[in-house]
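Written out below as structure tokens is the structure these notes cover.
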Amino acid sequence: MPIELVSLAEFPSLAATIEDQPDLIGNSIKKAREAHDGTGLWAMADDTGLEVEALGGAPGVYTARFAGENATYADNCRKMLREMSGVPSEKRVAHFKTVIALKTHDGLHCVEGILPGRIAFAERGQKGFGYDPVFELADGRTLAELELAEKNRLSHRGQAVEKMKILLEWMLSESQRD
């Protein structure tokens with residue numbers, strides 16, 4: 001696409017956004033708006049989380065720090081399995097969600113990707129990161145049991161990025177018509 005992507009690392013004077021919104025869409029919008037306002041450029045930002053029905057949608061925006069502020073991936077997986085102990089299979093429904101916000105000079109656009117699954121009864125697999133060993137797909141495999149190419153093809157992030165790519169292509173084609 002005829003656009004240049006630059007990282008916020010190229011704008012060292014910008015303060016990091018404090019992610020204090022109650023949901024993923026709020027955090028992604030806040031980050032995109034602050035990046036746009038601080039750079040004067042179109043800005044994209046995302047937020048991703050794991051939402052577990054039996055936990056009322058938690059950990060959600062607290063996915064990375066579910067087991068505490070300095071939690072490791074292993075800490076988060078262990079806490080998830082503890083929280084879900086005694087929850088029957090049919091109530092272990094969960095999904096990963098990624099929301100990407102795009103702030104342009106004249107608007108705000110959001111897309112999302114969702115990967116449905118459930119929380120496994122035990123960790124399985126050696127690949128991936130985060131909750132991959134405890135996130136089970138409909139076919140019974142955890143994300144940590146997938147090859148990277150397959151995981152990327154199915155993932156919530158991949159879905160959201162593909163939707164954003166389509167949106168950007170449409171926006172660019174529309175601007176060429178004006």
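The values are calculated or read from the model by the stated rules, or taken from the named source; none is laboratory data. This one's a predicted model, so the numbers in the text were calculated from it and none came from an experiment. Quick reminder, even Gly has a Cβ in these numbers, built from the backbone with ideal geometry, and neighbours come from all protein chains shown.
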Test for Lys163: is it surrounded by fewer than 19 Cβ atoms within 10 Å (Cβ to Cβ) and in contact (Cβ under 8 Å) with a residue 24 or more places away in the chain: yes
Name the residue that is farthest from the chain's Cα centre (by Cα), counting only residues in region 139-178 that are of a type in the set (Gly, Ala, Ser) and within 24 Å of Leu24 (Cα to Cα). Ala144
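Rundown of residues vs (1) out of contact with any helix residue (DSSP H, G or I) (no Cβ under 6 Å at 6 or more places or on another chain); (2) surrounded by 13 or more Cβ atoms within 10 Å (Cβ to Cβ); (3) closer than 21 Å to His105 by Cβ, yes/no style:
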position	(1), (2), (3)
Asp23	yes, yes, no
Ser28	yes, yes, yes
Asp37	yes, no, yes
Gly49	no, yes, no
Ala58	yes, yes, no
Arg65	yes, yes, no
Tyr73	yes, yes, no
Return the pair list, or none, for Cβ contacts closer than 9 Å from residues in region 71-93 that are farther than 10 Å from Tyr131 by Cα to residues that are surrounded by 15 or more Cβ atoms within 10 Å (Cβ to Cβ) and at pLDDT below 95, at least 6 apart or on different chains. Ala71/Ala64; Lys79/Ala71
